[in-house]
Amino acid sequence: MITRAVLRYVRITPRKFRQIIPLVKGKNPEEAIAILTSVKKGASKYGIDVISSAINNTKRMQGVEVADLYISNLVANGGPMLKRFRAASMGRASLIKKRTSHITVELDRVARPAAQAPKAAAAKYPHKEAAAAVKKEAVKSKHPEIKKKSTTKKGKE
């Protein structure tokens, strides 16, 4: 996690905000904002606010480019509920829960390509790479005739 932004006590239910999470999770923050501007949901404006806040948090850090980031985690948790009452039949009152949300977004750097990872490991542990090469040569020298399994069945030759 490079940076995190939290928007608290938002007057939208977490269930409604969770509908837009799959649209932007794993994407570049600038691309996510572009997607949310075209979505016709009330939750999208809160998503834009929290993602732009996370971008502004990363701009204060040195050596971090916004183009190298992606949304690693986006969560909408429930906040406190405002409880209101409404008149019901036969003189009763029914409860209305006006739900709030706490929205959290985390940005992280894009992982390096898989091709670069083994080179770093080989440089860190050169003796393991050498041991694996010696083991392969030993197996080849002991059994040069075994290259692939026979496809013939027993009894039929």
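The values are calculated or read from the model by the stated rules, or taken from the named source; none is laboratory data. Note that the structure is predicted; figures quoted are calculated from it, not measured. Methodologically, a virtual Cβ is constructed for each residue, glycine included, from the backbone with ideal geometry; neighbour enumeration extends over all protein chains shown.
Just one of (1) at pLDDT below 95; (2) buried (at least 18 other Cβ atoms within 10 Å of the Cβ) fails for PRO14. It is (1).
Does ILE55 satisfy the criteria of being hydrophobic (A, V, I, L, M, F, W, C) and touching a helix residue (DSSP H, G or I) at 6+ places or on another chain (Cβ under 7 Å)? Break it down stepwise before answering.
On the way: hydrophobic (A, V, I, L, M, F, W, C): yes; touching a helix residue (DSSP H, G or I) at 6+ places or on another chain (Cβ under 7 Å): yes.
So ILE55 fits the description; yes.
Residues in the stretch 13-33 that are touching a residue at least 24 places away in the same chain (Cβ under 8 Å) and aliphatic (A, V, I, L, M): 4 in all. If you go through the stretch 47-71 and keep only what is among the polar types (S, T, N, Q) and assigned to a loop (DSSP other than H, G, I, E, B), you end up with just GLN62. Annotation note: Cβ proximity below 6 Å between a residue of the stretch 78-96 that is over 15 Å from TYR9 (Cβ atoms) and touching a residue at least 12 places away in the same chain (Cβ under 8 Å) and a residue that is exposed (fewer than 11 other Cβ atoms within 10 Å of the Cβ) and not polar (S, T, N, Q) (sequence gap 6+ or interchain) occurs for ILE96/ARG86. For the stretch 17-47, give me each residue that is among the small types (Gly, Ala, Ser) and either in contact with a Cys (Cβ under 9 Å, 6 or more places away or on another chain) or buried (at least 16 other Cβ atoms within 10 Å of the Cβ) (or both). Correct list: ALA32, ALA43, SER44, GLY47. Taking the conditions exactly as written (basic (Lys, Arg), in the same structural domain as ARG11 (by TED's automatic domain parsing) and closer than 22 Å to GLN19 by Cβ), does LYS59 satisfy them or not? So LYS59 fails the test.
Just to be sure, is VAL10 touching a residue at least 40 places away in the same chain (Cβ under 8 Å), farther than 25 Å from ARG99 by Cα, more than 17 Å from the chain's Cα centre (by Cα) and assigned by TED's automatic domain parsing to the domain that holds SER101?
On the way: touching a residue at least 40 places away in the same chain (Cβ under 8 Å): yes; farther than 25 Å from ARG99 by Cα: no; more than 17 Å from the chain's Cα centre (by Cα): yes; assigned by TED's automatic domain parsing to the domain that holds SER101: yes.
When the stated conditions are applied, VAL10 does not pass them.
Give me the residue from the stretch 34-52 that is over 16 Å from VAL75 (Cα atoms) and without any contact (Cβ under 8 Å) to a residue 24 or more places away in the chain and, out of that set, nearest to the chain's Cα centre (by Cα). That would be ILE35.
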